[in-house]
Amino acid sequence: MATLLDGRSVSDSLLTEVKQEIDALKSKGIAPKLVVIVVGENPASQVYVRKKQEACEKVGILSERVSLPESVTQAELLAKIEELNKDASVSGMIVQLPLPAHIEEPLVIKAINPYKDVDGFHAYNIGKMFLNKDFEDMAPCTPKGVIKLLDFYKIDVSGMDAVVIGKSNIVGKPMSVMLLNRGATVTTCHSRTKNLLKYTADADLIVVAVGKAGFLKAEMVKEGAVVVDVGINRLESGKIVGDADFEGLEGKVAAITPVPGGIGPMTVACLLQNTVTAAKKQANL
Ligand code: NAD
């Protein structure tokens, strides 16, 4: 039977560490604060934002939500970001994605001060992590969460043949870089990959982030592989499932993450850790 990579309990221990750091900062008069900008009423975004704010409360990070209407102009959104860039009480900010079509996402991300970019999406933070793993202090939270979960279970990726399915800027691409930084031989697959099976069939580690329920099936992976499922898909029944066919895979693989309770809580914990890092940077600590 596969080892269950339990993101819920690992994220709890990560949050305990984060809380200790926050307590230490507070004793120096520094109060980390996260601002979450939400544009419009996307129901999934509302759930994610609530989870992030609840987690902040748990560890003692001040959190503020800035809700802007769907009709907000790009100029108004950029002005809000600039105001928060200048506000010394704000340690970090995130703009909840996706944004309405009339707003250019790259311009919005570019406007955030890289030191306050706790999602790790700014070109400065993405570029820095290409150097090596010592420069991943503000890496995107989801791939960072994957690495922390693998580390916790002492799964050493060095020398592994790793396949990342998905090449988004927030998950797939930074994930590939972080695995490469740790000595894995990485193949990044995506919707135009001609023969996905050719890559997955021999992989020691597969990270799947495509956004399609049950996409990765048992016949696509070798026995004893490690599967990390980043996907979050809501079925018509309301049930949340990942991109991997968990039931089919768990009898074949060495280790697998559940959904929910895998990478989701790890992502939130890493966001809070990035917020603490940002607070320290701003205090020159
Ligand atoms: P995205 O839509 O930006 O990217 C999806 C990727 O999948 C693309 O690169 C595309 O090329 C690839 N893809 C699509 N169909 C494919 C196919 N048939 N074969 C191979 N590759 C294919 O999505 P994203 O933002 O990277 O998110 C991916 C999934 O991860 C979603 O379910 C999302 O909800 C989830 N997610 C979870 C967390 C978390 O905290 N756990 C965070 C971010 C995203």
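The values are calculated or read from the model by the stated rules, or taken from the named source; none is laboratory data. Being a predicted model, the structure only gives us computed values, none of them experimental. Virtual Cβ from ideal backbone geometry, glycine too; neighbours counted across all protein chains shown. Ligands, DNA and RNA are stripped out before the accessible areas are found, and what is left, the full protein with its side chains, is counted by its heavy atoms. Shrake-Rupley method; radii C 1.70, N 1.55, O 1.52, S 1.80 Å.
Overview of values
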{"read-out": "Only listed residue being closer than 15 Å to ALA278 by Cα and assigned to a loop (DSSP other than H, G, I, E, B), chosen from ILE103, ILE30", "value": "ILE30"}
{"read-out": "Criterion (in contact with a Gly (Cβ under 7 Å, 6 or more places away or on another chain), open to solvent by 10 Å² or more (accessible area, probe 1.4 Å), in the same structural domain as HIS102 (by TED's automatic domain parsing) and more than 18 Å from GLY264 (Cα to Cα)) met by exactly one of GLU82, GLU70, GLU64", "value": "GLU70"}
{"read-out": "Breaking point among (1) touching a helix residue (DSSP H, G or I) at 6+ places or on another chain (Cβ under 9 Å); (2) part of a loop (DSSP other than H, G, I, E, B), for ALA213", "value": "(1)"}
{"read-out": "Considering residues of region 172-199 that are of a type in the set (D, E, K, R) and more than 9 Å from the ligand (Cβ to nearest atom) only, the residue surrounded by the fewest Cβ atoms within 10 Å (Cβ to Cβ)", "value": "LYS194"}
{"read-out": "Selection status of ASP12, open to solvent by 30 Å² or more (accessible area, probe 1.4 Å) and under 24 Å from ALA244 (Cβ atoms)", "value": "yes"}
{"read-out": "Answer residue from region 212-243, given it is under 23 Å from ALA184 (Cβ atoms), out of contact with any Ser or Thr (no Cβ under 9 Å at 6 or more places or on another chain) and among the small types (Gly, Ala, Ser) and is surrounded by the fewest Cβ atoms within 10 Å (Cβ to Cβ) among those", "value": "GLY224"}
{"read-out": "Neighbours by Cβ (under 7 Å, 6+ apart or cross-chain): first from region 123-143, open to solvent by less than 80 Å² (accessible area, probe 1.4 Å); second among the hydroxyl-bearing types (Ser, Thr, Tyr)", "value": "ASP137/THR277; MET138/THR277; CYS141/THR267; THR142/THR267"}
{"read-out": "Conditions (1) more than 16 Å from the ligand (Cβ to nearest atom); (2) within 16 Å of the chain's Cα centre (by Cα): number failed by ASN169", "value": "(1)"}
{"read-out": "Every pair of residues 6+ apart whose Cβ atoms lie under 6 Å, when the first sits in region 253-265 and is touching a residue at least 12 places away in the same chain (Cβ under 8 Å) and open to solvent by 30 Å² or more (accessible area, probe 1.4 Å) while the second is in a loop (DSSP other than H, G, I, E, B) and among the basic types (Lys, Arg)", "value": "none"}
